[in-house]
Amino acid sequence: MRDRTRELAGTLVFPLAGIALIAGIILLGGKSPAHGFTALISGSLGGAFALAETAIRACPLLLAGLGVTIAFRAGVWNIGAEGQIYVGALAVVALAPALGMLPAPLAVPAGLLVAAAAGGVWAWVPAFLRTRRGVQEVISTIMLNFSAIQLVSWCVHGPLKESTGQFPYSNEIPATLMLPRLLPPTRLHLGVVFALAAAAVVWVFLFRTLRGFQLRAVGASPEAALHAGIRTERSIWSAMAISGALAGMAGAVQLMGVSHILFEKFSPGYGYTAIAAALLGGLHPMGVTLSAGLLGALEAGASAMQREAGVSTVIVYLVQGVIILSVAHQAARRRAVTEAIKQRGAQEV
Amino acid sequence: MTGLEEFLSGTLRLSAPLILAALGEIVSQRSGVINISIEGMMLGGAFAGFAAGAATGSAGAGLLAAAAAGAALGCVFAFLCVVRNADQIVAGMGINIAMIGLTGALFRAIFGMESLATAPRLEDYPIPVLSGLPVVGEVFFNQSVLVYVCGALALGIWLFLRSPQGLGLRACGVRPEAADAAGVRVGLTRFAAVVFGGTMAGIAGAYLTLAQTSSFAENMTSGRGFIALAVVIFGRWHPIGAVLAALIFGGANEAQFWFQARGSQAMIAGTHVHIPYQALLALPYVVTLAVLTMFAGSYRGPRALGKPYVRSR
């Protein structure tokens with residue numbers, strides 16, 4: 001019984017500390033925490049518009065979160081989803097004049113493919129550098145994030161600046177490239193269906209195909225996988241390429257479904273939120289679907305909280321960070337318990 | 001000041017936060033803990049230093065607050081990764097993301113949306129006599145106190161790693177079970193090393209707000225913590241090596257300002273080439289990537305780096 005209580009306390013300590021911290025910050029800004037939390041909930045779940053906002057914010061998080069999941073499962077710390085989102089969207093915008101000439105049923109898949117290719121290549125580079133040059137991907141993917149953001153900044157100030165040349169953003173993409181709205185007048189778009197389908201495909205890939213099995217084997221124990229004849233290097237490359245492709249598509253979905261133009265700060269950290277989504281979802285496609293929904297609700301609610309209660313949206317990063325820390329804490333606890341059970345078992349035998 | 005003096009002095013100023021963070025990270029990594037959250041800890045230190053400095057009007061108080069914030073974050077990280085054996089990369093990412101939110105939200109809550117608040121500057125402190133030397137005096141002996149601290153600490157850590165205690169710490173990072181058998185308290189050593197690393201990261205962050213800018217901006221560390229990680233690798237986990245590596249990164253950064261100030265025109269093969277400012281802003285990151293690509297694989301870190309140590313019963 002005491003163990004159960006302690007277990008529960010251990011589970012709740014980080015989330016509770018997080019809520020207390022947020023309430024404290026709202027108070028410090030001279031606002032009412034109750035008002036803030038009400039706005040958070042009504043802005044994410046209260047009514048069709050709020051739910052549609054939650055769903056469209058969950059979209060890029062789900063796609064990029066699936067990407068992070070595949071990389072982490074293969075034992076590669078892809079912290080680079082943010083940059084891959086940027087290059088994915090950039091590729092679509094750069095090729096938009098050509099893609100726009102295709103009929104709509106072809107233009108949309110073509111746009112997604114182009115973004116996937118760009119994101120995949122951008123993510124493959126750190127995988128290559130890790131396997132061939134021993135460069136830690138934690139650092140290289142971050143460096144590539146900053147580089148991608150500057151690349152997009154340069155493009156929207158230079159070669160891809162809108163036609164009048166006045167404002168630092170791209171032209172609007174052609175209408176054939178825009179994802180159709182599902183429930184007008186809400187902004188809910190076809191990307192939601194696409195992201196859910198991607199979750200199903202990733203599940204099948206990870207748990208029902210040989211490639212998926214090999215990829216997980218490499219992540220679980222690279223040495224054992226090597227001894228089992230798995231080409232670990234190739235597994236890491238393909239895991240990162242798929243991972244980046246999914247993040248690239250997240251960028252495309254955001255561009256083709258919501259913003260329709262590319263600008264600096266196009267992604268408000270979706271790539272980092274995707275890490276929280278992947279970890280909170282237990283690196284499992286179904287779990288990631290749920291956690292992306294939850295984090296999408298948090299983002300939508302945070303915007304409402306900023307409008308209604310004047311609480312900066314950066315606060316969602318605090319929530320995400322606390323989620324990641326509690327997941328790290330939980331995973332370690334679970335590991336410790338299984339170790340203890342194993343040892344006790346060994347003694348009895 | 002001549003152009004050369006200006007460039008070298010600027011390089012040293014921009015290297016200082018990297019050196020401070022990297023020296024702390026070396027101690028942490030030598031004990032076997034990879035702390036990728038020095039980025040978040042620097043951000044925490046930058047904010048704490050700024051807030052305490054602005055509140056008290058004293059840069060020294062800001063510095064103390066930054067060190068305390070870094071140490072506190074070090075305790076959180078060490079609790080998760082050394083006591084609870086959590087995954088070091090995941091916990092590190094968690095702290096990084098949480099600190100963007102915490103410092104950003106606190107800054108807005110305390111100082112308001114369009115903040116013009118400033119913190120007192122940590123003044124430069126010319127060293128008597130030595131600062132009068134030609135070139136060398138201006139570059140090395142007319143700097144912020146923290147720059148001198150960098151030099152002293154690099155030397156101190158170098159000596160420490162050679163002492164019996166330092167040997168014990170290094171053993172924790174190479175063969176924790178052997179260190180344990182020899183009577184070194186692995187958990188305690190790693191905990192202390194991480195807290196030291198956090199404290200240094202906090203001070204490195206305060207350097208940004210108290211010595212460089214005297215203002216705070218959301219996510220203002222912008223990857224310097226990760227560049228410091230690269231400095232540790234490039235410097236081969238050696239304090240003096242890290243100082244030299246940091247100077248290269250500082251130089252690249254100073255070059256970026258130098259180009260920006262001169263209208264980003266460069267002479268390449270006799271023709272004027274216009275360099276977009278975004279390319280200059282990306283320069284430190286590209287240099288980091290290039291340096292790691294050239295050197296990372298040939299260097300080996302401590303063998304038990306990143307591996308939690310669980311004492312077998």
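The values are calculated or read from the model by the stated rules, or taken from the named source; none is laboratory data. This one's a predicted model, so the numbers in the text were calculated from it and none came from an experiment. Neighbour counts are summed over all protein chains in view; Cβ atoms, including those assigned to glycine, are modelled from backbone coordinates with ideal geometry. The protein model used for the area step is the full one, side chains on, heavy atoms only, and it has no ligands, DNA or RNA in it. Shrake-Rupley method; radii C 1.70, N 1.55, O 1.52, S 1.80 Å.
Across the stretch A:65-101, the number of residues qualifying as charged (D, E, K, R) and within 13 Å of chain B (Cβ to nearest Cβ) comes to 1.
Every condition in (1) crowded, with 16+ Cβ neighbours inside 10 Å; (2) more than 14 Å from chain B (Cβ to nearest Cβ) is met by residue A:104 except one, and the failing one is (1). Look at the stretch B:178-190: where a residue is closer than 9 Å to residue B:168 by Cα and a partner is open to solvent by 60 Å² or more (accessible area, probe 1.4 Å), sitting 6+ places away or on another chain with Cβ atoms under 8 Å, you get B:186/B:311.
Quick one: which of A:331, A:304 is in contact (Cβ under 8 Å) with a residue 60 or more places away in the chain and among the small types (Gly, Ala, Ser)?
None of the other options fit; the residue is A:304.
Just checking, does the stretch A:102-109 include any residue being under 30 Å from residue B:87 (Cα atoms) and either in contact with a Gly (Cβ under 8 Å, 6 or more places away or on another chain) or without any contact (Cβ under 8 Å) to a residue 12 or more places away in the chain (or both)? For the stretch A:102-109, residues under 30 Å from residue B:87 (Cα atoms) and either in contact with a Gly (Cβ under 8 Å, 6 or more places away or on another chain) or without any contact (Cβ under 8 Å) to a residue 12 or more places away in the chain (or both): absent. Taken together, A:196, A:183, A:151, A:179 contain a single residue that is within 27 Å of residue A:257 (Cβ to Cβ) and open to solvent by less than 40 Å² (accessible area, probe 1.4 Å), which is A:179.
For the condition open to solvent by 60 Å² or more (accessible area, probe 1.4 Å) and part of a helix (DSSP H, G or I), what is the one hit in B:208, B:244? Steps first, answer last, please.
Details: B:208 fails: open to solvent by 60 Å² or more (accessible area, probe 1.4 Å).
Within the list B:208, B:244, the selection yields B:244.
Do the conditions hold for residue A:176, that is, is it of a type in the set (Ser, Thr, Tyr) and not in a helix (DSSP H, G or I)?
Working: of a type in the set (Ser, Thr, Tyr): yes; not in a helix (DSSP H, G or I): no.
For residue A:176, the condition - of a type in the set (Ser, Thr, Tyr) and not in a helix (DSSP H, G or I) - is not met.
Taking the stretch B:272-286 as the range and being open to solvent by 30 Å² or more (accessible area, probe 1.4 Å), in a helix (DSSP H, G or I), more than 8 Å from chain A (Cβ to nearest Cβ) and aliphatic (A, V, I, L, M) as the test, only B:283 passes.
A search for C-beta distances below 7 Å between a residue of the stretch B:232-251 that is within 14 Å of residue B:299 (Cβ to Cβ) and any residue that is buried (at least 23 other Cβ atoms within 10 Å of the Cβ) and acidic (Asp, Glu), counting only pairs 6+ apart in sequence or on different chains, returns B:232/B:25. Hey, among the residues in the stretch B:1-29 that are in a helix (DSSP H, G or I) and β-branched (Val, Ile, Thr), which one's farthest from the chain's Cα centre (by Cα)? If we take residues in the stretch B:1-29 being in a helix (DSSP H, G or I) and β-branched (Val, Ile, Thr), then B:11 is farthest from the chain's Cα centre (by Cα). Here residue A:124 meets the list (1) closer than 20 Å to residue B:291 by Cα; (2) within 8 Å of chain B (Cβ to nearest Cβ) almost entirely, failing just condition (2). Picking from B:228, B:171, which residue would you name as being among the small types (Gly, Ala, Ser), open to solvent by less than 10 Å² (accessible area, probe 1.4 Å) and assigned to a helix (DSSP H, G or I)? Step by step, each of B:228, B:171 is checked, and only B:228 is among the small types (Gly, Ala, Ser), open to solvent by less than 10 Å² (accessible area, probe 1.4 Å) and assigned to a helix (DSSP H, G or I). Among residues of the stretch B:102-136 being part of a helix (DSSP H, G or I), touching a residue at least 24 places away in the same chain (Cβ under 8 Å) and aliphatic (A, V, I, L, M), the one that is most open to solvent (accessible area, probe 1.4 Å) is B:110. Selection within the stretch A:306-318: residues that are assigned to a helix (DSSP H, G or I) and within 7 Å of chain B (Cβ to nearest Cβ). The member of this set that is nearest to residue A:32 (Cα to Cα) is A:315. Candidates are the residues of the stretch A:256-274 that are open to solvent by 40 Å² or more (accessible area, probe 1.4 Å) and within 12 Å of chain B (Cβ to nearest Cβ); the one that is farthest from the chain's Cα centre (by Cα) is A:264.
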